[in-house]
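Chemist: Have a look at this one.
Each reported figure results from applying straightforward, stated rules to the coordinates on display, with no laboratory input. Since we're looking at a predicted model, the values are computed, not measured. Methodologically, a virtual Cβ is constructed for each residue, glycine included, from the backbone with ideal geometry; neighbour enumeration extends over all protein chains shown.
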Amino acid sequence: MSQRLESLIGLVLATGVILSLAILVIALGFYLADTGPEIILSDKYRVISPNFFDYVKKLASMSFGASSLMAIGLILLMLTPYARIIASFTYFAARRDLKYTLITAFVLVVLTISLITH
């Protein structure tokens, strides 16, 4: 891999993790302001879905608050590896490297199927 690709992948991964962490810290602040240090295991803070896209759809119907921010932070964290594969695929396609374009396309398809079915 070239230095440019490694830098791009590092930037994508670091940005995704840092943004996710920032959102989760803000969500934790809202949660603590709402409930105090008590841990509540009610259904209010759960999102149970058969697959990722249903999870995102349920998030859109949730009221804004700590639980929705936590879900957004987790979604962003889950999409970070997906964004990394998209960046790699785009890089290899732009360089017209057929071998690595096909490999990353395969990984992208597998990840997409995983998001649809789980």
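Chemist: So what are the radius of gyration and Dmax for the Cα set of the chain, in Å?
Modeler: For the chain, the Cα-based Rg and Dmax read 17.5, 55 Å.
Chemist: A further question on this structure: What is the list of residues in the range 1-28 whose amide nitrogen lies under 12 Å from a point 7 angstrom out from the Cα of Tyr100, following Cα to Cβ?
Modeler: 1-9
Chemist: In debye to the nearest 20, how big a dipole does the chain give about its Cα centre with +1 on each Lys and Arg Cβ and -1 on each Asp and Glu Cβ? Present the calculation step by step, with values, prior to reporting the outcome.
Modeler: Working: 9 positive and 6 negative charges, 94 e Å.
My answer is approximately 460 debye.
Chemist: As I understand it, the dipole of the range 3-117 uses +1 on the Cβ of Lys and Arg and -1 on the Cβ of Asp and Glu, about the Cα centre. Which of Leu41, Ala93, Met78 lies farthest toward its positive end?
Modeler: After comparing all options, I get Ala93.
Chemist: What does the helix-only formula give at 222 nm for the chain: each DSSP H stretch with n ≥ 4 adding -39500 (n - 2.57), the total divided by the residues, and the result rounded to the nearest 500 deg cm²/dmol? Present the calculation step by step, with values, prior to reporting the outcome.
Modeler: On the way: 4 runs with 92 residues, N = 118.
Counting only the DSSP helices, I get -27500 deg cm²/dmol.
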